[in-house]
Amino acid sequence: MIDASSWQHQFITTNGVRLHYVTQGNGPLMLFLHGFPEFWYSWRHQIAEFAKDYTVVAVDLRGYNDSDKPEGIDAYRMTELVKDVQGVVQGLGFQRCILVGHDWGGAIAWSVAYDSPELLEELIVMNLPHPAKFRQGLQTPQQLMRSWYMGFFQLPSLPELAMSAGDYWAIEQSFRGMAIRKDAFSDADINAYKDAAAKRGALTAMLNYYRAIASSFTTRDHWDVLNVPTLLIWGEEDAALGKELTVGTEEYVRDFQLRYIPQCSHWVQQEQPDLVNQYMREFLALEKRLQIP
């Protein structure tokens, strides 16, 4: 049972938007970025664990839950999402952070690492491939089939109707339908995600991430070798992103570790939280030892 009684709900203004976040703990900043169709709640198992040693901050990305939901597709371009994160780190009074991202949060985290490597001590990404590998994957029939929903989300209005139908049944199906461990999501968990998606303007804002994807991380032509120490954690039974997208990532990251978790879906940090937390701690402990002269 997670004790959330000491968690603080706060707001920060960055890049012209007011973002909600949950925080606990003291120490170096560990900043968590969630994916679709989630919100800060997807990191509940990590907040409790890492607040023992860090100032943990799990934000609601713009458009989600209690954060501002600016109108228009252009508000969800990757350049804006990166500026949000840069502003959060600096606005919280830190010079650097450990940046952790899953799904869309992972995509943003990769881009922040390339645009502002000086802000990152370490990078931890879960079930979102390096942008160069994702772009390569989208040129293959198997990944195009897995990513069919990205095309559907380009349509106006219809995706919002589909996702909200039947008391947001699609939200529930996204989690329990994909999960290998169905009991990883309680009724309370599912209802929390439904409630967040049901807030006024949230569904359109969430979908606008996909509608702005043509101007996001898939369009960059060249990716240098990243110098930020990076851990990629991957649930092997991801129905949306093939495991093959992880192969060759070491060509793009100088200090790179990859940990696979078998019998685990896309929702890796919620389905196998203990193992994810263990791998994160092992990675951070190793990097700390490597920094000692």
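Nothing in this text is a laboratory measurement; each read-out follows from the coordinates by a stated rule. Predicted, not measured: the structure shown is a model, and the values here were computed from it. Here the Cβ is made from the backbone with ideal geometry for all residues, glycine too, and neighbour counts use every protein chain on show.
Under 6 Å between Cβ atoms, at least 6 apart or on separate chains: pull out the pairs that start in the range 222-239 with a residue that is surrounded by fewer than 20 Cβ atoms within 10 Å (Cβ to Cβ) and end on any residue that is assigned to a loop (DSSP other than H, G, I, E, B) and among the aromatic types (F, W, Y).
Pairs that qualify, where the first residue is surrounded by fewer than 20 Cβ atoms within 10 Å (Cβ to Cβ) and the partner is assigned to a loop (DSSP other than H, G, I, E, B) and among the aromatic types (F, W, Y), are W223/Y252.
I'm trying to understand the selection: among the residues of the range 92-119, which are within 8 Å of the chain's Cα centre (by Cα) and of a type in the set (V, I, T)?
V100, I108
Please work out which one of (1) in contact with a strand residue (DSSP E or B) (Cβ under 9 Å, 6 or more places away or on another chain); (2) within 26 Å of G201 (Cβ to Cβ); (3) surrounded by fewer than 23 Cβ atoms within 10 Å (Cβ to Cβ) is the condition T55 fails and give its number.
The number of the failed condition is (2).
For T79, work out the one condition from (1) hydroxyl-bearing (S, T, Y); (2) surrounded by fewer than 18 Cβ atoms within 10 Å (Cβ to Cβ); (3) within 15 Å of G27 (Cβ to Cβ) it doesn't fulfil.
It is condition (3) that T79 fails.
From the list G101, G106, which residue is under 27 Å from I73 (Cβ atoms), buried (at least 18 other Cβ atoms within 10 Å of the Cβ) and out of contact with any helix residue (DSSP H, G or I) (no Cβ under 9 Å at 6 or more places or on another chain)? Don't jump to the end; show me each part of the working.
Values: G101 fails: out of contact with any helix residue (DSSP H, G or I) (no Cβ under 9 Å at 6 or more places or on another chain).
Just one listed residue meets the conditions, G106.
Mind listing just one residue for me: the one in the range 16-52 that is under 19 Å from the mean Cα position of the chain (by Cα) and assigned to a loop (DSSP other than H, G, I, E, B) and, of those, farthest from G201 (Cα to Cα)?
Out of the qualifying residues, it is A51.
Would you check if T230 is within 18 Å of the chain's Cα centre (by Cα) and not charged (D, E, K, R)? Steps first, answer last, please.
Values: within 18 Å of the chain's Cα centre (by Cα): yes; not charged (D, E, K, R): yes.
It is true that T230 is within 18 Å of the chain's Cα centre (by Cα) and not charged (D, E, K, R).
Scanning the range 163-197 for residues that are in a helix (DSSP H, G or I) and of a type in the set (S, T, N, Q), which turns out nearest to C264 (Cα to Cα)? Explain how you work it out, then say what you get.
Restricting attention to the range 163-197, the residues satisfying the condition of being in a helix (DSSP H, G or I) are 163-177, 182-184, 187-197.
Next cut, of a type in the set (S, T, N, Q) only: 164, 173-174, 191.
Working: S164: 27, Q173: 16, S174: 14, N191: 22 Å.
Taking the candidates together, the pick is S174.
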